[in-house]
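Derivation of every value follows stated rules applied to the coordinates shown; laboratory data play no part. All values reported here derive from a predicted model rather than from experimental measurement. Here Cβ is always computed from backbone atoms with ideal geometry, including for glycine, and neighbour counts include all displayed protein chains.
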């Protein structure tokens, strides 16, 4: 952990928080993920050894508590760690407002599906279960097809294999297109009109789907007219 050698509280906080990946690990913990593999799923480009190191550092710093439940380690935020929630929300809003460019290598179908699942609101979903098959024409092999099983009683389940239920809606799109809808940069109606996102299947279910799925909590953030450039 790097030290800045200053009494300033910003410098002291940065000694813990400014390490690479640390804030993303805290993001996952704030989402309620407490198992190592569940945390790792939200940071797929972070090596397991580095994740273990960051969790140890956060534990040593007093932001994370490591418990063992039924023989399995669990990682929980302490009061000091939970107090970072408003800061993380403000950072996310700032990023949505000013850092608008998404680079090609940052589009990730698995992470997108995870985020859509996390923001699901069962009350918005159909009373009877409906299954949506998502096809990403541009995704790597093995990540092209996903199934969303939605119901008011069960919420949203995301599968990367066919769960065997009758499909109500087929969605054909590309990862950037659905990501931009999720982020609020493009509306559902605009994506459907431009055919960057196509829905086929049960007509009523196709019409209802945009209402069943939530968008990012930061989709409503007003975008800056002159966003900041991103340099290599």
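Relative contact order for region 9-83: what percent, with Cα pairs under 8 Å and sequence separation of 6 or more?
Once divided by the residue count of region 9-83, the mean separation gives 29 percent.
For region 9-83, what is the largest minus smallest coordinate of the Cα atoms on each principal axis, given in angstrom and ordered from greatest to least?
39, 27, 19
Just the number, please: percent antiparallel of the DSSP beta bridges in region 104-212, rounded to the nearest 5.
Counting only bridges with both partners in region 104-212, antiparallel ones make up about 75 percent.
Translational diffusion coefficient of the chain at 4 °C, 1.567 mPa s, Stokes-Einstein with Kirkwood Rh over Cα pairs, in µm²/s as a whole number. Mind dumping the intermediate values first?
Working: Rh = 19.7 Å.
Result for D is 66 µm²/s.
For the chain, take the longest principal axis of its alpha carbons; what is the angle in degrees between that and the long axis of helix 48-61, to the nearest 10 within 0 to 90?
Once rounded, one gets 50 degrees.
If I fit a long axis through the Cα atoms of helix 109-118 and take the longest principal axis of the Cα atoms of the chain, what angle between them do I get, 0 to 90°, rounded to 10?
90
Could you give the spread of the C-alpha atoms of region 104-212 along their three principal axes, from largest to smallest, in whole angstroms?
For region 104-212, the Cα spread along each principal axis is 37, 28, 24 Å.
With a point put 7 Å past each Cα toward its Cβ, work out how far residue 123 is from residue 103 in nm, to one decimal.
A separation of 4.0 nm, rounded to one decimal place.
Can you tell me, using C-alpha contacts under 8 Å and at least 6 residues apart, the relative contact order of the chain as a whole percent?
After rounding, I find 17 percent.
Could you let me know the centre-to-centre spacing of region 90-125 and region 1-64, using Cα atoms, in angstrom?
Using only Cα atoms to place each centre, the spacing works out to 20 Å.
Tilt of helix 203-212 relative to the longest C-alpha principal axis of the chain, in degrees (0 to 90, nearest 10)?
20
Once label points are set 7 Å from the Cα along Cα→Cβ at both residue 188 and residue 219, what is their separation, rounded to one decimal in nm?
Going by the 7 Å Cα→Cβ label model, 0.8 nm.
In percent, how large is the relative contact order of region 104-212, given Cα pairs closer than 8 Å and 6 or more residues apart?
26
Show that you can apply the helix-only estimate: for the chain, add -39,500 (n - 2.57) for every DSSP H stretch of four or more residues, divide by all residues, and state [θ] at 222 nm to the nearest 500.
-11500 deg cm²/dmol
If each residue's Cβ is checked for other Cβ atoms within 10 Å, how do 189, 216 rank with the fewest at the top?
Final ranking by Cβ density, sparse to dense: 189, 216.
Relative to the present Cα-Cα distance, how much length would full extension add between residue 41 and residue 93 at 0.36 nm per residue of separation? Don't skip to the answer; put the middle values down first.
Numbers: separation 52, 0.36 × 52 = 18.72 nm, distance 2.29 nm.
This chain segment gains 16.4 nm when fully extended.
Need one number: nm distance between label points at residue 10 and residue 67, each 7 Å from Cα along Cα→Cβ, rounded to one decimal.
Label-label distance for residue 10 and residue 67, simple model: 3.7 nm.
If you stretched the chain out fully between residue 60 and residue 80, how much longer would it get, using 0.36 nm times the residue separation minus the C-alpha to C-alpha distance? Walk me through the numbers on the way to the answer.
On the way: separation 20, 0.36 × 20 = 7.20 nm, distance 1.25 nm.
The span from residue 60 to residue 80 would gain 6.0 nm if fully extended.
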